[in-house]
Amino acid sequence: MLKIYNTATRKTEELKPLSDVVKIYTCGPTVYSEAHIGNLTAYIYWDLLVRALLANGYKVKRVLNLTDVGHLVSDGDEGEDKLEKGAEREGMDVWQIAEKYIAKFKEDYKALELLAPEVWARATDYIAEDISAVDAMSANGFTYETADGVYYDTSLFEHYADFARLDLAGLQAGARVGFSDEKKNVSDFAVWKFIHEGEKHAMRWDYLGRPGYPGWHLECCSIIHKELGEPIDIHCGGIDHIPVHHTNEIAECYGAYGTKLANNWMHCDFITVEGEKISKSIGNTFSLADLNERGFSAMDYKMWVLSGHYQGTRNFTFDSLEGAKARRLNWRNQIAECYQNKVAETNFDYTTILGAINNNLGSPEAFALIDEAKLSLDDWKKVDELFGLRLIADSPNISDEIRELIDERQLARDKRDFGKSDDFRDLLASKGITVKDTADGPVWQYI
Ligand code: AMP
Ligand code: ZN
């Protein structure tokens, strides 16, 4: 069965879901700008996780949130709300920005052939739940009010530092000189923010007699509590979420409900692009549309992502993307061979592929095994189901029209009319097909 690396225990362990329906929560995007390829890696890895669970006979209930309020540019409690920043940049209001980038994210999601979550949860649809969670945390004595909002007193949750192995004393000592706001501890964080006179924040709700909005981490706690019920089986996110965002989600859940948020945590590592951190200032925040412009499909990118491990620090290069594209084309041409009955003997063992995936999502090992094996069309269908690479959908058998063109080309060649056969070759190429002349006669391939 499936073994995963659990960030909470720092061990690779067999997954023991609480029931046959595995409850998964994935921290989703902040919908204020287009996702870059780094942002998208997480959803590709967690799609493999879901597909692996389904392949092992589980059902899955997965929730993916869309952050449309409360995530500040600092990733902490200061600075502008990212949605306000997006609205300013594009001359739209925050609600329009959210709509625009939710739609864009869902387009990317579809283009990447990712299985839709059972619930798409938009943060602003859970404000009532956020408010009851803050009420509960306050009733349980975990919060205090400052001029800025309602803060969580992290010193009151004795396990606060455990998840991320935080050195709280070190953090406190290293806090800014003159750290003089009203926070009691440097790790305390806002669960609810107040909006002051004149402050620009269009998304606002009345609570405690004044306008405000939820702190960033609260949505995940509220959505999980409402849609899944804690503890969930697996909580996923990027590695950057460990020290603050996930640590604070755990604290909020404990503070509000006295419960454990998740039994297992999975985190994927970051990618660099051509050796550099992804950043707007470097100009390497490529989107799927940018890759398309350079001749690569979303599936080529997915192939690149899955050819590495989710816990590895990966360096994306256009050369390596070219390699992933070629590998996928090679797989598709093996499907073409199946249509042409050119695969005499198959030696594919699906259980070894699933075994590699069951070993903490070992997609690089699984891909290497696929490279070495001879697969039947049915085997390719199974591979496609496990990885969602549109191998079959993008590799249709040829139509009667193309078959005729191939025959015409052969006829011209037989008559040594190479001018004509070249015309047919070009026509076939315009339809994405090439013909190789082999000892066994012509074999068509995709290009
Ligand atoms: P951002 O919009 O930069 O805050 O990114 C949103 C999320 O995308 C982050 O919290 C990360 O988990 C993920 N992410 C951002 N950059 C990368 C990257 N270079 N590689 C992988 N994941 C990333
Ligand atoms: Zn979250």
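Residue count for segment 51-81, restricted to those that are over 22 Å from G149 (Cβ atoms), buried (at least 22 other Cβ atoms within 10 Å of the Cβ) and within 14 Å of ligand 1 (Cβ to nearest atom): 1.
Residue count for segment 245-282 satisfying the condition of being more than 21 Å from T30 (Cβ to Cβ) and without any contact (Cβ under 8 Å) to a residue 24 or more places away in the chain: 1.
So for segment 289-306 (the condition being farther than 24 Å from K106 by Cα and either within 12 Å of ligand 1 (Cβ to nearest atom) or not in a loop (DSSP other than H, G, I, E, B) (or both)), does at least one residue qualify? No, because not a single residue in segment 289-306 is farther than 24 Å from K106 by Cα and either within 12 Å of ligand 1 (Cβ to nearest atom) or not in a loop (DSSP other than H, G, I, E, B) (or both). Every condition in (1) within 17 Å of E227 (Cβ to Cβ); (2) within 11 Å of ligand 1 (Cβ to nearest atom) is met by K23 except one, and the failing one is (2).
Taking the conditions (1) assigned by TED's automatic domain parsing to the domain that holds V69; (2) in contact with a strand residue (DSSP E or B) (Cβ under 7 Å, 6 or more places away or on another chain); (3) not in a helix (DSSP H, G or I) in turn, A251 satisfies each one other than (3). Of all the numbered requirements in (1) within 16 Å of ligand 2 (Cβ to nearest atom); (2) in a strand (DSSP E or B); (3) not β-branched (V, I, T), N315 misses one, and that requirement is (1). Taking segment 363-385 as the range and being surrounded by 19 or more Cβ atoms within 10 Å (Cβ to Cβ) and within 22 Å of the chain's Cα centre (by Cα) as the test, the residues that pass are S363, A366, F367, V383, D384. Of the residues making up segment 269-280, not a single one is more than 16 Å from ligand 1 (Cβ to nearest atom) and assigned to a loop (DSSP other than H, G, I, E, B). Look at (1) more than 10 Å from ligand 1 (Cβ to nearest atom); (2) touching a strand residue (DSSP E or B) at 6+ places or on another chain (Cβ under 8 Å) and you find that L48 fails only one, number (2). Is segment 117-126 home to any residue that is within 19 Å of the chain's Cα centre (by Cα), hydrophobic (A, V, I, L, M, F, W, C) and in a helix (DSSP H, G or I)? Yes: one or more hits. For D68, the test of being on the phi > 0 side of the Ramachandran plot and within 16 Å of ligand 2 (Cβ to nearest atom) is failed. Against the criterion of being within 10 Å of the chain's Cα centre (by Cα) and either assigned to a loop (DSSP other than H, G, I, E, B) or more than 30 Å from W95 (Cβ to Cβ) (or both), G28 qualifies. If a residue has to be in contact with a Ser or Thr (Cβ under 6 Å, 6 or more places away or on another chain) and open to solvent by 20 Å² or more (accessible area, probe 1.4 Å) to count, how many in segment 82-131 make the cut? Number satisfying all stated conditions: 2. Taken together, the criteria place H217 among residues that are open to solvent by less than 20 Å² (accessible area, probe 1.4 Å), in the same structural domain as L15 (by TED's automatic domain parsing), within 21 Å of the chain's Cα centre (by Cα) and near ligand 2 (Cβ under 10 Å from one of its atoms). Collect the residues in segment 258-281 that are more than 15 Å from C236 (Cα to Cα) and crowded, with 17+ Cβ neighbours inside 10 Å, keeping them in residue-number order. I271, V273, I278 - these are the residues of segment 258-281 that are more than 15 Å from C236 (Cα to Cα) and crowded, with 17+ Cβ neighbours inside 10 Å. Taking segment 221-248 as the range and being farther than 25 Å from E14 by Cα and hydroxyl-bearing (S, T, Y) as the test, only S222 passes.
Selection within segment 26-45: residues that are among the hydroxyl-bearing types (S, T, Y) and open to solvent by less than 10 Å² (accessible area, probe 1.4 Å). The member of this set that is nearest to ligand 1 (Cβ to nearest atom) is T41. Condition test on H245, is it within 11 Å of ligand 1 (Cβ to nearest atom), surrounded by 21 or more Cβ atoms within 10 Å (Cβ to Cβ) and not aliphatic (A, V, I, L, M)? The answer is no for H245.
The values are calculated or read from the model by the stated rules, or taken from the named source; none is laboratory data. Remember, it's a predicted structure, so these values are computed and weren't measured experimentally. As a convention, Cβ positions derive from the backbone with ideal geometry for all residues, glycine included, and neighbour counts pool all protein chains shown. Just so you know, the surface numbers come from the protein's heavy atoms only, side chains and all, with ligands and any DNA or RNA stripped out. Shrake-Rupley method; radii C 1.70, N 1.55, O 1.52, S 1.80 Å.
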